[in-house]
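One structure below.
The values are calculated or read from the model by the stated rules, or taken from the named source; none is laboratory data. Remember, predicted model here, so these are calculated numbers, not experimental data. A quick note on method: Cβ atoms are made from the backbone with ideal geometry, for glycine too, and the neighbour counts reach across all protein chains shown. Heads up: the accessible areas ignore ligands, DNA and RNA and are worked out on the full protein's heavy atoms, side chains in. Shrake-Rupley method; radii C 1.70, N 1.55, O 1.52, S 1.80 Å.
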Amino acid sequence: MTTVTLPTATASVLPLPGRYAVAPDRSLVELTTWYGPLPTRRRRVTLTDASLTVPDPLDEPEELPSLRFEFAGLDQADGTPATHVALTTLISDTVELLDGGGKLQVTGDLNLRGVRFPALLRFRVVERADDRLLVVGTARLPYRLLRRATGFRPGRLPRPATRLRLLVAAEFA
């Protein structure tokens, strides 16, 4: 008896080529400040716009998938109305597939107060279809470096922090 190994068809993790957006009621963004192993502050942030662009490999073979997120209230101190807060954007440079497509690693820049700060997001693919993608992921940012580069403060009152975690859950459809 011989064993024959047949090639398996691997489906792409990303949806079919096109541009996908996130409905406002289909997303969750949370900012948490950490001091060592302890969370010191946690609050929700508004995701005003998010898009996933998957290029067609036949039309544009060198083009890479791209993600863009816009946050309102990320740079909001306590008591500041959300209407007076500038938008913060996160634009991807590269999107890599990890663990056979079960995870996405996104490197990009967080544009905060006009300063571009490098960020690394790791997403877990929760559900995938030809016309949608549901992901949950986090970005961990060093607080001291971010504050020195941009002047960012997570709140009006000073609280100790060593790092920030930005949690993003979004359904692109």
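Tabulated values for the structure
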| read-out | value |
| --- | --- |
| Which numbered condition Leu145 fails, given (1) over 16 Å from Thr33 (Cβ atoms); (2) surrounded by fewer than 14 Cβ atoms within 10 Å (Cβ to Cβ); (3) at pLDDT 85 or above; (4) of a type in the set (A, V, I, L, M, F, W, C) | (1) |
| Residue count, the stretch 101-112 (criterion: crowded, with 16+ Cβ neighbours inside 10 Å and of a type in the set (Val, Ile, Thr)) | 1 |
| The one condition in (1) within 26 Å of Asp25 (Cα to Cα); (2) surrounded by 13 or more Cβ atoms within 10 Å (Cβ to Cβ) that Leu98 fails to fulfil | (1) |
| Members of the stretch 86-114 found to be in contact with a helix residue (DSSP H, G or I) (Cβ under 9 Å, 6 or more places away or on another chain) and within 15 Å of Leu166 (Cβ to Cβ), listed by number | Leu110, Leu112 |
| Near pairs, Cβ below 8 angstrom, 6+ apart or cross-chain, from the stretch 10-39 (in contact (Cβ under 8 Å) with a residue 40 or more places away in the chain and in a loop (DSSP other than H, G, I, E, B)) to any residue that is open to solvent by less than 40 Å² (accessible area, probe 1.4 Å) and among the polar types (S, T, N, Q) | none |
